[in-house]
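The values are calculated or read from the model by the stated rules, or taken from the named source; none is laboratory data. Just so you know, these numbers come straight off a predicted model, no measurement behind them. Note that each Cβ is placed from the backbone with ideal geometry, even for glycine, and that neighbours are counted across all protein chains shown. In case anyone asks, the SASA skips ligands and DNA or RNA and just uses the protein heavy atoms, side chains included. Shrake-Rupley method; radii C 1.70, N 1.55, O 1.52, S 1.80 Å.
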Amino acid sequence: MRWQRQTLNADDGALPGLERAGFVRTVRTPEFEGITFHEVLCKSALNKVPAGSGVPFNWTVNTMRGCSHACTYCFARSTHEYLDLDAGRDFDSQIVVKTNVGAVLRRELARRSWHREPVALGTNTDPYQRAEGRYRLMPGIIRALADSGTPFSILTKGTLLRRDLPLLRAAAGQVPVRLAVSIAILDPDLHGGLEAGTPSPQARLDLVRALADAGFAVNVMAAPIVPYLTDGSAHLEELFGSIAAAGAASAVAIPMHLRGSTRGWFLEWLASHHPALLRRYRQLYGRGAYVTPEYAEWLRGRLDPLLDRHALRPTRPVESESPQVPVAQRESQLSLFTV
């Protein structure tokens, strides 16, 4: 395998933050042009969610850091700065892979102190981004969770999940398994500009159909709704009609938030492609990360009838859907635990 010729403990001057993450080697391959993988050995796989975060799960697992989906609006971009990498192009192209995450997770789940609380995957970066096809980390994680009796959920834009459908069906016979697919943009031009590295919207709709046909009650995360670009009546009608036709059990839509470094990265894109909207965005977001309450209420008034018309409203109440819980903290909960 050509990757075996890569240098262990490579020092290319770009990885000071990775030394803290168990850095092993840097890998580049023609199969993933423009992307560099930094393989690390993690000490822990389970991440404890901070108290008061407003989500209905206490634990997450992240197989990678950074994401080749390259979504301009991704709220996780600032996490790359902890590694002394930038939140822009580095986040899209410098992917940190926890090569031993499955083995470490199985060891942690075997502890007597583990109480089989639900574990969420896909709450930070996507576990089924392109690199999963090379590293195959998810099968080991799915087996470890199912074998330990631990319920889990997955949120993804990656159609590679279809590869693991037989494994997920088997796991669902042992523990509760919830699957969610993120689809918010149908327009080809906007898709190419805002989430260039993701599978096409149609491919993700086909994934919803495959999961539904396999017996899963699939939730679709129709997020983010991008103000003045994807919040039009025609676009939303087509979006939710397509989601319903694909067999989704429910859907949740949330307006885009621009936290930390994501704000500058997105506004730079906006200035290049839709400069006439810059002034409106500055008014809408002010100096914060979230849309104004007035816009949020206006959008809800547009979305609620569509959810009802297409029978996509979640059948269970969302316990954290209260004014004091920031939208950003609700995102993972709404996408994974409302079917």
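Looking across region 144-165, the residues that are in a helix (DSSP H, G or I) and in contact (Cβ under 8 Å) with a residue 40 or more places away in the chain come down to A144, L145, D147, T159, L161, R162, L165.
For region 36-59, the tally of residues that are touching a Gly at 6+ places or on another chain (Cβ under 9 Å) and either surrounded by fewer than 21 Cβ atoms within 10 Å (Cβ to Cβ) or among the polar types (S, T, N, Q) (or both) stands at 3.
The number of residues in region 269-312 being within 19 Å of V220 (Cα to Cα) and touching a strand residue (DSSP E or B) at 6+ places or on another chain (Cβ under 7 Å) comes to 4. State whether one or more residues within region 209-224 are at pLDDT 95 or above, open to solvent by 60 Å² or more (accessible area, probe 1.4 Å), among the charged types (D, E, K, R) and more than 18 Å from the chain's Cα centre (by Cα). Yes, some residue in region 209-224 is at pLDDT 95 or above, open to solvent by 60 Å² or more (accessible area, probe 1.4 Å), among the charged types (D, E, K, R) and more than 18 Å from the chain's Cα centre (by Cα). If I filter region 123-139 for residues that are closer than 22 Å to A251 by Cα, at pLDDT below 95, assigned to a loop (DSSP other than H, G, I, E, B) and not β-branched (V, I, T), do I get at least one hit? Within region 123-139, one or more residues are closer than 22 Å to A251 by Cα, at pLDDT below 95, assigned to a loop (DSSP other than H, G, I, E, B) and not β-branched (V, I, T).
Look at region 90-110: where a residue is aromatic (F, W, Y) and a partner is surrounded by 18 or more Cβ atoms within 10 Å (Cβ to Cβ), sitting 6+ places away or on another chain with Cβ atoms under 6 Å, you get F91/G66; F91/R77; F91/H80.
Screening E108 with (1) over 21 Å from H38 (Cα atoms); (2) in contact with a Phe, Trp or Tyr (Cβ under 9 Å, 6 or more places away or on another chain); (3) part of a loop (DSSP other than H, G, I, E, B) gives one miss only, at (3).
Results for (1) out of contact with any Pro (no Cβ under 9 Å at 6 or more places or on another chain); (2) surrounded by 24 or more Cβ atoms within 10 Å (Cβ to Cβ); (3) not basic (K, R), shown as yes or no for each residue.
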{"site": "A110", "(1), (2), (3)": "yes, no, yes"}
{"site": "S113", "(1), (2), (3)": "yes, no, yes"}
{"site": "P118", "(1), (2), (3)": "no, no, yes"}
{"site": "R136", "(1), (2), (3)": "yes, no, no"}
{"site": "T150", "(1), (2), (3)": "no, no, yes"}
{"site": "R162", "(1), (2), (3)": "yes, no, no"}
{"site": "L186", "(1), (2), (3)": "no, no, yes"}
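Assess whether S335 counts as being of a type in the set (S, T, Y), modelled with pLDDT under 95 and surrounded by 15 or more Cβ atoms within 10 Å (Cβ to Cβ). Judged against the criteria, S335 is a match. No other residue among G17, G34, G54 is assigned to a loop (DSSP other than H, G, I, E, B), in contact with a helix residue (DSSP H, G or I) (Cβ under 8 Å, 6 or more places away or on another chain) and at pLDDT below 80 apart from G54. P317 satisfies every condition listed in (1) at pLDDT below 50; (2) assigned to a loop (DSSP other than H, G, I, E, B); (3) surrounded by 12 or more Cβ atoms within 10 Å (Cβ to Cβ) except (3). The condition of being at pLDDT 95 or above, within 21 Å of the chain's Cα centre (by Cα) and under 27 Å from I243 (Cβ atoms) holds for only one of P255, P305, that being P255. Answer yes or no as to whether V96 is part of a strand (DSSP E or B), over 15 Å from the mean Cα position of the chain (by Cα) and surrounded by fewer than 21 Cβ atoms within 10 Å (Cβ to Cβ). Against the criterion (part of a strand (DSSP E or B), over 15 Å from the mean Cα position of the chain (by Cα) and surrounded by fewer than 21 Cβ atoms within 10 Å (Cβ to Cβ)), V96 does not qualify.
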